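To start, the structure under review is shown below, and the notes come after it.
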């Protein structure tokens, strides 16, 4: 017995063969009929070459126009499929969510134009992808200069790993070391960062590097040697807001008595209440001072970092995988936000150019065909085609009717708020003293239309930047805001300078060409006439 699936395949193949055969037969019959028709008025030896050339031409045109269309169709289909999959797919783990975020960043990169910012974002994306595949947990040691960061790492690794000394800022660049803890499958990368809150340009630069490393850590060890200063607390709070798990280490406890140590620990726990677990505030002595012994070598006490090691091992063992996933997901989110900001800046720049172009188009139209009513200037200045182009820049497909509705809404708002009349008054006051009477009427109308188009276009950009939302204050508040920005002296001065070049000067040149030639004075005419007679 033939399987049902095989039977369906055979039937489908047979049906396809019939369809293809039928199409080929129809095409051959069409060619034959065409050949017979051509033989009535063309020599028989010319018919076949003509049909061959015509067929090649039709095939070439089909490939030239059909192939790009087919490629575009397939590309759109892939984008729609990808978007549908990304919308429908719900990640089960934070790693899957991070991977999905990287895919969305790839789609965002495709929409960005090639420049330095895009290349930087691309490199950051590749770095985060490597972070997603890495095996070690990253622990960043962070704190003020000379607080004992390097000494703490030396104690953890039980070997000298860096320059240790009293001068502030002995660690000038980030150093990376590897450590393994018993019972932990993953290795640990300890990163020693430059000190924060150092004076000078170099100190600020090193602090920026330290904060960057801390923001990419799975867990932070913040080392202090006394109570937190206000500046330290602000830095600690800003890093904790990133969602980083933080252990606060009170170092150099060997220099204090037991009661002083308890008091400092209580102060630190109080300052950090709400963003650091009290159990994560830990005393340590990474490099105890040697004790003199008369007649003998000084006694070197052992390091006191057992509490820190125990707490670090417990946190990494219980929460290491979760901290790693949280960190990578956070970096993906930050990267996505950076990409969106780049895309928004690119869109705003392109939309601004579009509005600028339509501003002077509106001006030119009204200069050539002045409108009888002032309120009509506002309606004419808001071009529905401009609305559609700005929408397209922001990835929004608008129907023509919807674009006309938005244009009409903006035009009515400009008129309703008195901005149209106010704009004409502002432009008239600024230009009337510098223009001949002949040019005042239509020139002021045209320049006012350009100015109003700028206000409407800027309002429109805000609308699309806010995902097609005017905000709590509605369209009136947005339009009023951009009106106030554009009427500022510096903005208005720049606009009027541009208007003089684009509108006034071309009209003046046109008028000068249309004026009749200047007549010579009678004395000149007589003199020249006399000379001509003598000649």
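Just to verify a number: FRET efficiency for residue 259 and residue 333, C-beta to C-beta distance, R0 = 56 Å, to 0.05? Approximately 0.80, to the nearest 0.05.
Extension gain for residue 491-residue 505 works out to 3.0 nm (0.36 nm per residue, less the C-alpha to C-alpha distance). As an exercise, use a Förster radius of 56 Å and the Cβ-Cβ distance of residue 310 and residue 465 to find the FRET efficiency, rounded to the nearest 0.05. Approximately 0.65, to the nearest 0.05. In terms of packing, defined here as the mean over residues of other Cβ atoms within 10 angstrom, the peptides 295-301, 348-354 line up highest first as 348-354, 295-301.
Placing a label point 7 Å from the Cα of residue 111 along the Cα-to-Cβ direction, the residues of region 467-510 whose backbone N falls under 20 Å from that point are 467-471.
Compared with the alpha-carbon gap, the fully stretched path from residue 279 to residue 45 is longer by 74.2 nm at 0.36 nm per residue.
As a length-normalised measure over Cα pairs under 8 Å and 6 or more apart, the relative contact order of region 237-326 settles at 27 percent. Spacing of the modelled spin labels on residue 124 and residue 234, each 7 Å from Cα toward Cβ, amounts to 2.3 nm.
Approximating the spin labels as points 7 Å out from Cα along Cα→Cβ, the residue 299-to-residue 14 distance works out to 10.3 nm. Fully extending the segment from residue 69 to residue 35, taken as 0.36 nm per residue of separation minus the present Cα-Cα distance, adds 9.1 nm. Take 242-254, 444-456 and order them by the average number of nearby Cβ atoms within 10 Å per residue, most first; the result is 444-456, 242-254. Computed from the Cβ-Cβ distance with R0 of 30 Å, the FRET efficiency linking residue 425 to residue 404 stands at 0.60.
Quick note: the coordinates plus some simple rules give every number you see, no bench work behind them. The structure displayed is predicted, hence computed values, not measured ones. Don't worry about glycine lacking a Cβ; one is built from the backbone with ideal geometry, like all the others, and counts go over all protein chains shown.
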